[in-house]
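Rule-based calculations on the coordinates, nothing more; no lab input. As the structure is a computational prediction, the values presented were derived from the model and not from experiment. Neighbour counts run over all protein chains shown; Cβ positions are idealised from the backbone, glycine included.
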């Protein structure tokens, strides 16, 4: 927990990932190593006990069915049986044996056997006192020299009153030490692998996080006055896709900021004119002259009306980026065109006609399309002579090289538009050379463009100065749209 004014310590993603990976690998190695170690210890005990048990069983078989090599008959003396048994027993590594007769050391293992039980007095004391009856038990024997896993087999023949004892033992400490050595090697190799994996992960994670670092550096470079910085795209993996997505986001951000800045500049410029006009007339108004007061009032109301129109158009444009801007539904385009024509007749005394009607059902927002078409019709009225012809039309454009498009248009026989103005008139507050600032907000065609874009389409114009203009709205039409 950090207190106010205390800097928060920053831990890099690379360090967190590397630390988590090392902890995970270390935990996996420790857990698996501990499980295997316990298993090996259990296997060791089972193996030693099984070896001792089999040796005892072999000794019993020899005592019951064996033949004394010297006499050719069964064993008559315990020492002979003990001697023969020890000759036939080959001790394993870390295993030794001794033979006792009348509690005295009688026989020892061959010289090739490394483990010498006779050199451990404490073990010999145990061997002399163990197995006082016929019950044979495997026991752990701890001495100062070592720990043993041992068994003592008493020998008592009915033909020989002198008892003997056959003793086998494993050096348990040496066996466990061998396992411990193996696991020390295991953990040493595991530690080396973990360090190598950590180093490789450090490099790999660093390479993977390079796009994020470039994003951080790019974000630091971006300011209100400069949004042009972009992240270099390298590779074809998910981070490359993330980089492309972020660059696209930065493009949209730059476009939005530039649009916002341009909007503020344009709005300030557009509002400055009516405010200046109203203020100038109010300052110069003669309050004692009723006619001057009436004229000033009319001018102020007219300018305020234009400001209200500008604000409404700006609100429409602001809403074009919202998800609820459109209310699309299946619409009969032919019937919609008739309704638009009926509404357009009130815009001015013109020869209104439908040049072409496409009877098709399309998914669109009829209210927004009506708004856009009426705006185009109002422009046609504004730049055409009274009584001239204005055509409204619709058609479906199909072709193998493109998807079906619904085309709506408004054609007038007005003044036309010069070539330099064809693109500029669709910009915010864009006006052609023939336009009159006092007759509109300068946002009408920009609103039409926003409506077309919201439908996934475009708006464009084909015009010849002096011969009229045709404004088109092209909207993608869903495949298989029914015709009525």
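The mean sequence separation of alpha-carbon pairs under 8 Å and at least six residues apart, normalised by the residue count of the stretch 79-223, gives a relative contact order of 20 percent.
Mean sequence separation of contacting Cα pairs (under 8 Å, at least six apart), scaled by the length of the stretch 349-421, corresponds to a relative contact order of 37 percent.
Based on C-alpha pairs under 8 angstrom that are at least 6 apart in sequence, the stretch 329-476 has a relative contact order of 23 percent. FRET efficiency for the pair residue 371 and residue 284, taken as 1/(1 + (r/R0)^6) with r the Cβ-Cβ distance and R0 = 45 Å, rounds to 0.70.
On full extension of the chain, what length is gained from residue 43 through residue 294, given 0.36 nm per residue of separation minus the C-alpha to C-alpha distance?
Working it through step by step, the gained length comes to 79.1 nm.
In this simple spin-label approximation, residue 189 and residue 324 carry label points 7 Å from Cα along the Cα→Cβ vector, and these lie 6.7 nm apart. Taking the centroid of alpha carbons for each part, the stretch 187-201 and the stretch 353-391 are 74 Å apart. Computed from the Cβ-Cβ distance with R0 of 51 Å, the FRET efficiency linking residue 31 to residue 73 stands at 0.25.
For the pair residue 305 and residue 23, what calculated FRET efficiency results from E = 1/(1 + (r/R0)^6), where r is the Cβ-Cβ distance and R0 = 51 Å, to the nearest 0.05? The formula returns an efficiency of 0.10 here.
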